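Working notes for the structure below.
The values are calculated or read from the model by the stated rules, or taken from the named source; none is laboratory data. Since the model is a prediction, treat every value here as computed from it, not as a measurement. Using ideal geometry, Cβ is built from the backbone for each residue, glycine included, and neighbour counts are taken over all protein chains shown. Side chains included, ligands, DNA and RNA excluded: accessible areas come from the protein's heavy atoms. Shrake-Rupley method; radii C 1.70, N 1.55, O 1.52, S 1.80 Å.
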Amino acid sequence: MMKQLFLFILTAFFAKISFAQELRLHDAVSIALKNSFNLQIGKNNVDIAAINNNYGIAGGLPYVVGTASDNQQITSIVQKYSDPTYNKTSNNESANVLAVGLTGSVLLYNGQRVTTAKGRLGVIEDQAKQQLNSRALVLAYNVMLKYYDIVRQQSYAKTLQLSIDASKQKLDIVKAQQGVGLANNADLFQAQVDLNTQTQNLQAQQLIIDQDKTDLLTLLTLNPDSTIVIRDTIMVEKNIQLSPILDAVQQNPDIVAANQQVVINQHIEKEVAALRYPSLSFSAGYNLASTKNAAGFSLLNEAYGPFAGVNLAVPIFNGTIYKRQQQIAGINSRNAELLKDTLALGYASIVIKNFQAYQNNLQQLEMAVQNYDLSSKLLNLVVQRFQLRQATIVDVKNAQQSFENAGFLLVNVSYAAKSAEIQLKRLANQLSF
């Protein structure tokens, strides 16, 4: 029974490995952009803005309305005239009143309010597209950061594994030396404790990797317990310049959308100002009115025919409401301009700080690579000296600690430089995905 259970667990383990899918950065970003609920909402907002971007919404298309009513009545009539012979009295007589009308009107002039409103709706549609682009940039940025964080954590796990290999070699050396009476139990116990501690550190590191993968799968809108394999290294682009990035920040979707908000508010200001102008419209239609009475002086009364007319409305005074609305709209336009300038200044500040971090980490990266190579050579040398009994077990442990610290520093500096690079490209709207 235990043998069958072991075979089942072993089969399930290898089946899970066989179904693990290798994930590349480009594929991860593509999947995230395809599956994101947030982007779907953004696309729906673009569709809404496109539907609203219409002359009918702006009030520039003709307006046609049809009306009809048919009322059946029961009336009692008392009619008295100067000539009593015409007097009429009836009770509960039926009467029918029918009214049908068709009216069409078209706006001829209202201070260019329609044109301004249509322009505003067009800018709103463009702004929705920029906001969608911003969402896509932020999502790609987050996916890239998480992807490279997994690469970072896996790189550190490899460093821990190399240190564990050295600990195993150290333990084997101690056992061999103890076998010939050249080592004591203290060295054996210390070597075993060091190996156990490093194995626990590696297990803890694996937990960090697994949780990072879960976070990445969540960003991709995939099943969080899916199995993925990432085999990659952190390669930092080393030729980024500050000036082109600062110039390109003006093309960031957030900055463009802020500029468009200024234009939208300016359109609103013009629309409010147009309320103070005369409004001229043309209307035409056809009316039919029919009244039938079962009793009374008039048994049938019908009026029908077409009509046409020009309507002019001139605002003279409404308690300064339009004037004050225009003033408020002007203040909102200035506020939008200030918000845009604030956003641009903030983005410029973020660019400069990230560029400083980028340059600093590039400088550290060269030294970190050298230290990692040196610490690796030092560890190998100390293990060899330990085997020849020219170094103590403490010397090996110190060399291992230096090697792990150098590996940790190398992957962290590489990740920090890559993060700054990705942030600079996002702000400059130059992320490739």
Return the subset of 43/213; 238/353; 34/238; 34/118; 353/425 for which the Cα-Cα distance in this structure is over 24 Å, preserving the input order. 43/213; 34/238; 34/118
Put +1 on the Cβ of every Lys and Arg and -1 on every Asp and Glu Cβ in the range 63-167; which of 108, 84, 122 then has its Cα farthest towards the positive end of the dipole? 122
The list (1) 5, 22, 31, 25, 13, 4, 1, 0; (2) 4, 12, 15, 14, 12, 10, 8, 7, 6, 5, 3, 2, 1, 0, 0; (3) 4, 14, 17, 18, 16, 11, 8, 6, 4, 1, 0 gives values of P(r) over Cα pairs in 10 Å bins from 0, in percent, and only one came from this structure; which label was calculated from it? (2)
Over the chain, what percent of the accessible surface lies on carbon and sulfur atoms, probe 1.4 Å? 56 percent
Mean-square fluctuation maximum in Gaussian network of the chain, Cα pairs under 10 Å, restricted to 27, 83, 232, hits 83
Residue-level accessible surface for residue 310, protein heavy atoms, 1.4 Å, Å²: 100 Å²
Would you mind telling me which residue in 95, 274, 32 has the biggest mean-square fluctuation in a Gaussian network model of the chain, where springs connect alpha carbons within a distance under 10 angstrom? 95
Label model pair residue 138, residue 77: point-to-point distance (7 angstrom along the Cα→beta-carbon line) in nm is 7.4 nm
Candidate aspartates and glutamates - alpha carbon under 18 Å from residue 168, same-chain residues fewer than 8 apart omitted: 187, 194, 395, 404
Can you give me the convex hull volume of the Cα atoms of the range 61-200, divided per residue and expressed in Å³? 331 Å³
Applying 1/(1 + (r/R0)^6) with R0 = 60 Å to the Cβ-Cβ distance of residue 323 and residue 239, what FRET efficiency is obtained, to the nearest 0.05? 0.55
Determine the shape class of the range 104-149: with a ≥ b ≥ c the square roots of the Cα gyration tensor eigenvalues, call it rounded for a/c under 1.5, and otherwise prolate if a/b is greater than b/c, oblate otherwise. prolate
In whole percent, what relative contact order does the chain give with Cα contacts below 8 Å and a gap of six or more residues? 23 percent
Tell me which residues come under 5 Å, amide H to amide H, from residue 291 once H is placed; ignore anything under 5 positions away on its chain. 98, 301, 302
Give me the distance in nm between label points sitting 7 Å out from Cα along the Cα-to-Cβ direction at residue 54 and residue 24, one decimal. 4.4 nm
Report the label-to-label distance for residue 100 and residue 162 in nanometres (one decimal), using points 7 Å from each Cα along the Cα→Cβ vector. 9.3 nm
